[in-house]
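What follows is one structure encoded as structure tokens, with my remarks underneath.
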Amino acid sequence: MIVGIDFSIKSPAVTLLSNSGEWYFYTFARNSVAKEDFFLTLKNNGVNVITLPDEPPLPKSANLTDRERSSIKDGLMQTRSISKMLSAWSFTEDDQIAIEGFSFASTGNRLAQISGYQWLLRSYLIEDCEISPEQLWFYSPMTIKATAGKGNYKKEEMIEAFINSDCNSQFAEALRNAPAEFQTKRGQWLKPIDDIVDSYWIAKTLQKTIENK
């Protein structure tokens, strides 16, 4: 079993390739990321949707302690949701999980927050899925993009590469046959399509690594 995780604060995504060769797609998007009817569209087209509450708002008077306590609670909720879902797959020592390294666009407090959340996720994956650190793999964004085509691909190009890939799944077929259902009127891809597709390419990068060993 191969798992690719695209981790973010707003809309993490997971792609799983089972031992039988079936692809499974998951989004853990926050409630505010998309409208409820779009989440339903995703569900009807092969994506497992687990919506999570938004980060709780803090009053202007909140001090550092208040902010950090809120982030701890939010991070525990989000990362445990992902690891608990994956633990239901009953991992063995042959199964592998890949996670994308930190984005070049993440800086300052946001980078500190996502770093903390991801370390929580790594810990929970080991605890809940009963895997060893040796079963975890990490790839830079450039490496993952290169798997899709080129190391400087933009999000739209990553999605286009997915559409043109040999992925045999209901989700991929839906994007090929009815792309407008997943786009704005101007043709822009709706969230969290890009995150789901990124998690697929993370899984493909891991698959390529394993095949070349």
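A few comments on the model shown:
- Filter result for I126 (under 23 Å from I9 (Cα atoms), open to solvent by less than 10 Å² (accessible area, probe 1.4 Å), among the aliphatic types (A, V, I, L, M) and under 19 Å from the mean Cα position of the chain (by Cα)): no
- Residue in the range 37-55 that is most open to solvent (accessible area, probe 1.4 Å), counting only those that are aliphatic (A, V, I, L, M) and within 16 Å of the chain's Cα centre (by Cα): I50
- Just one residue in the set S32, S61, S81 is under 13 Å from the mean Cα position of the chain (by Cα) and either on the phi < 0 side of the Ramachandran plot or open to solvent by less than 50 Å² (accessible area, probe 1.4 Å) (or both); that residue is S81.
- Number of the condition not met by F38 [criteria: (1) part of a loop (DSSP other than H, G, I, E, B); (2) modelled with pLDDT of 95 or more; (3) not hydroxyl-bearing (S, T, Y)]: (1)
- Number of the exception - W119 against (1) among the aromatic types (F, W, Y); (2) open to solvent by 30 Å² or more (accessible area, probe 1.4 Å); (3) touching a Gly at 6+ places or on another chain (Cβ under 7 Å): (3)
- Subset of the range 140-181 [open to solvent by 50 Å² or more (accessible area, probe 1.4 Å), of a type in the set (A, V, I, L, M) and farther than 20 Å from E100 by Cβ]: A180
- Test for R186: is it part of a helix (DSSP H, G or I) and open to solvent by 20 Å² or more (accessible area, probe 1.4 Å): no
- Conditions (1) modelled with pLDDT under 95; (2) surrounded by 15 or more Cβ atoms within 10 Å (Cβ to Cβ); number of the one not met by I210: (2)
The values are calculated or read from the model by the stated rules, or taken from the named source; none is laboratory data. Remember, it's a predicted structure, so these values are computed and weren't measured experimentally. Glycine also receives a Cβ, built like all others from the backbone with ideal geometry; neighbour counts cover every protein chain displayed. Side chains are part of the model used for accessible areas, which takes the heavy atoms of the whole protein and leaves out ligands, DNA and RNA. Shrake-Rupley method; radii C 1.70, N 1.55, O 1.52, S 1.80 Å.
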